[in-house]
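Below: one structure, written as structure tokens.
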Amino acid sequence: MEPIYSMTALQRNAGEVKAAARDNVVRITEQGMGAYVFCSEDAFERRIAREREDAAYEARLAEAVGRGIADIEAGRYVTSVDEAFARADALRRKSA
């Protein structure tokens, strides 16, 4: 969970807030409401890299699910283990 500090804490304990911001994104509140985010450049770069990885993973997952739905709609699926082995055997013989 990201650290949360009030604007007053930022003013009175800037060192503590800056120390927390070295490793994390710190949320700064103003009158109890989220107002700002604060972090070191390294923490920012790590966050950007992680978000890029997450976006790429989501894109690959969406593509795989889309292919699965297309296979089901086209009737390319099996409903038992025996059918799966028979289908794999047929595909193996076909490509050999």
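Rule-based calculations on the coordinates, nothing more; no lab input. The shown structure was predicted, so the numbers you read here are calculated from the model rather than taken from an experiment. Reconstructed Cβ throughout: ideal geometry from the backbone, glycine too, with neighbour counts over all protein chains shown.
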Between the stretch 1-18 and the stretch 23-62, what is the C-alpha centre distance in whole Å? 17 Å
What 222 nm value per residue comes from the helices of the chain, counting each DSSP H run with n ≥ 4 as -39,500 (n - 2.57) and dividing by all residues, nearest 500 deg cm²/dmol? -22000 deg cm²/dmol
FRET efficiency for ALA86 and ALA56, Cβ-Cβ distance as r, R0 = 25 Å, nearest 0.05? 0.10
Label-point separation, ILE4 to ILE72 (7 Å along Cα→Cβ), nm: 3.8 nm
Of the listed values [x] 25.3, 74; [y] 13.3, 39; [z] 19.0, 56, identify the label whose number matches Rg and Dmax of the Cα atoms in Å calculated from this model. [x]
